[in-house]
1. Largest first, how would A:Glu95, B:Glu105 line up by accessible area (1.4 Å probe)?
2. To the nearest hundred square angstrom, how large is the accessible surface buried between B and A, total for both chains, probe 1.4 angstrom?
3. Working with all protein chains in place, sort A:Leu23, B:Leu172 by solvent-accessible area computed with a 1.4 Å probe, largest first.
4. How are the alpha carbon pair distances in chain A distributed across 5 Å bins from zero to the largest one, expressed in percent?
5. Output the Kirkwood hydrodynamic radius of segment B:41-174, Cα pairs only, in Å rounded to one decimal.
6. Could you state the accessible area per residue of chain A in Å², with a 1.4 Å probe and every protein chain left in place?
7. I'd like the mean, over residues of B:105-116, of how many other protein chain beta carbons sit within 10 Å of each residue's own Cβ.
8. At a 1.4 Å probe radius, which order do A:Glu80, B:Glu3 fall into by accessible area, largest first?
Amino acid sequence: MNDRLMNKYIPMTETAYYILLSLREEKHGYGIIQHVGLITGKRLIIGPGTIYGTLSKMEKDGLIVALREENRRKVYKIAETGKAILEVEIDRLRELVDNY
Amino acid sequence: MKEVKRVFKPWSAWNTIKIEKYLEEMEMKGWRVKDLSFCQMLIEFRKVPPGKTRYCVDYINKPDDEYFMLFQDDGWEMVNKFSGWVMWRKSYDAESRPSLYTDNESLVERNARVIKILGFALLAQVPAGFINANNVLTNNLLGRITGPLKLLLFTYILAVLIILYAFTRMILWNKILKKSLY
């Protein structure tokens, strides 16, 4: 795993974590906002500015990929690098919880 | 009762929170933004029933379709666009005051975009400033700077100082935000 990406994304913000989680299934930006709101019981409603900035950053770093464009909206999905980095974060979170 | 009101409200990149709060408070009093002009500092309001609307200002150098569709999907209405700055608004009810930026990391990145542009603007002044200062001093032209030229020079230096101030305030804001991250 790329050291630079590790330092940049680990530990992960809630936003980044939930975006990657959401994108295990392909979605467009607003779909992510809705999905994360749903699975967190409305606790985490991500703002569009945050989504746009984070998606751009993740796409540039190869964590996610834009599959195609539908109705002028990009459809994203998690890439192999994104899956790998998500695993690293899950391991980190597991250690925290297991030590409780 | 007057239906339209015009207010001059200067604001800057480092205190967007101030203008956002002001516009929100105005709408709570029943004044809704109709239009902005003069670098988004001259605001025209229209009388409406009081309401809860969140106003947010964003900085984005090259907004694409993706940007606009995303914000609109989330229920935001574009109020005005000027030179990389976009003003958005969204009505809300008591419990859910919305925001464009919901984590500090992305806000830091947004501010970094502004800092970059300001930095370039400042950097661009350096070579010209150097050459001109050198010219004036070596050719002893200091005494020959006449009235209108003095005014121009003064305005120029003032503009550069304002940019420098904005640049510094933005960096300080980001420093504070970064402290709240891991």
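The values are calculated or read from the model by the stated rules, or taken from the named source; none is laboratory data. Everything quoted here is computed from the prediction, not taken from an experiment. With ideal geometry, Cβ positions are generated from the backbone for all residues, glycine too; neighbour counts draw on all protein chains shown. Remember, those area values only see protein heavy atoms, side chains included, never the ligands or the DNA or RNA. Shrake-Rupley method; radii C 1.70, N 1.55, O 1.52, S 1.80 Å.
1. On the way: A:Glu95 110, B:Glu105 50 Å².
Largest accessible area first, the list is A:Glu95, B:Glu105.
2. Buried area between the two chains comes out at roughly 2000 Å².
3. On the way: A:Leu23 0, B:Leu172 90 Å².
Largest to smallest exposure gives the sequence B:Leu172, A:Leu23.
4. Spelled out bin by bin, chain A gives 2, 13, 24, 24, 20, 11, 4, 1, 0, 0 percent.
5. Numbers: mean 1/r = 0.0538 Å⁻¹.
18.6 Å is the Kirkwood radius here.
6. Each residue of chain A exposes 55 Å² on average to a 1.4 Å probe.
7. Values: counts 7, 12, 4, 1, 6, 4, 0, 1, 1, 0, 0, 0.
Per-residue shielding by partner chains comes out at 3.
8. If we order A:Glu80, B:Glu3 from most to least accessible, we get A:Glu80, B:Glu3.
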